[in-house]
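Scroll down for the structure; my scribbles are underneath it.
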Amino acid sequence: MASPGPALDKKNFLCAAEAKEGQRYRHPGRYRQWLLGRAAAKVLLNKHTQATGLAELLPGSIHIQRVDTGWPRPRYVEGGDIPVSLSISHTSDKALCALCPKAEGTVGADIEEIAPRSKHLLEDFYTSGEREYLHTLEPDEQARAATIVWCIKEAALKARRTGFHESATSVAVDSIDSTGAHTWKRARVILKDGTRPEAYWRLSADRRMALAIVKINGKQPARRPDPSS
């Protein structure tokens, strides 16, 4: 996870094509979120590359291209795709990025501020089993758990590369204990087609944010995600 700081400067993180793409963000806050997501992605891509024994990737040598379908496509500026599945999420002044090798599957990430979910939102976007569980909780715990479940759902739909073109109720999340330590925990998730993806969640240290990473269609056992950056 990344947050803004003195080093968050477009000259440090953007290639020429991205600097041009960033001009479409007229609102300074929205632009800063976009830049923060690019910075997190490039730091994580470099970590991944070095972990696999390859040379360091400088931020300016990477182009995080937003394709027509809405998903980030990491490419080398000099040409060719970087063979990973990448997902970026941001809210407020925080960004979350996750990746996995394309050979292992696709990944989705989501970060959200903890907030209560309205009755109508619960009815429209949560399964009957999720609502039944959430209604057993006290208000503060319900807000945490409902936000975590939402994060997992959105991360799963990102991993499926459908987003909310597919119903959120197509992702069913088992009950979770949101009162524990701020470490990555495994969630039990099942998709409408019967797929059971690798899903992890955690709370931020100040308990104000929920984070989730979901990996599906992997051909190898998933490693615990590096939440970085």
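The values are calculated or read from the model by the stated rules, or taken from the named source; none is laboratory data. Everything numeric in this text was worked out from a predicted model, so none of it was measured. Cβ atoms come from the backbone with ideal geometry, glycine included; neighbour counts cover every protein chain shown.
The table that follows gives values for the structure above.
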{"item": "Test for residue 228: is it assigned to a loop (DSSP other than H, G, I, E, B), buried (at least 22 other Cβ atoms within 10 Å of the Cβ) and either modelled with pLDDT of 95 or more or at negative phi (or both)", "result": "no"}
{"item": "Helices (runs of 4 or more DSSP H) enclosed by the stretch 81-170 - at least 2 residues per element that are within 17 Å of residue 211 (Cα to Cα) and at pLDDT 95 or above", "result": "139-159"}
{"item": "Criterion violated by residue 112 - all others in (1) over 21 Å from residue 90 (Cβ atoms); (2) among the charged types (D, E, K, R); (3) in contact (Cβ under 8 Å) with a residue 24 or more places away in the chain satisfied", "result": "(1)"}
{"item": "Residues of the stretch 177-202 classified as at pLDDT below 95 and crowded, with 19+ Cβ neighbours inside 10 Å, total", "result": "1"}
{"item": "Those helices (runs of 4 or more DSSP H) lying entirely in the stretch 1-74 with at least 1 residues without any contact (Cβ under 8 Å) to a residue 60 or more places away in the chain and closer than 26 Å to residue 165 by Cα", "result": "16-21, 28-51"}
{"item": "Qualifying residues in the stretch 86-107 (those that are surrounded by fewer than 18 Cβ atoms within 10 Å (Cβ to Cβ) and of a type outside the set (D, E, K, R)) - the one farthest from the chain's Cα centre (by Cα)", "result": "103"}
{"item": "Matching option when the condition is within 21 Å of the chain's Cα centre (by Cα) and either farther than 18 Å from residue 96 by Cβ or hydrophobic (A, V, I, L, M, F, W, C) (or both), among 147, 169, 127, 136", "result": "169"}
{"item": "Matching residues, the stretch 112-126, being out of contact with any Lys or Arg (no Cβ under 6 Å at 6 or more places or on another chain) and either of a type in the set (Lys, Arg) or surrounded by 18 or more Cβ atoms within 10 Å (Cβ to Cβ) (or both)", "result": "112, 117, 119, 125, 126"}
{"item": "Single residue of the stretch 75-85 satisfying the filter (in contact (Cβ under 8 Å) with a residue 24 or more places away in the chain and in contact with a His (Cβ under 8 Å, 6 or more places away or on another chain)) that is surrounded by the fewest Cβ atoms within 10 Å (Cβ to Cβ)", "result": "77"}
{"item": "Verdict on residue 144 being on the phi > 0 side of the Ramachandran plot and surrounded by 15 or more Cβ atoms within 10 Å (Cβ to Cβ)", "result": "no"}
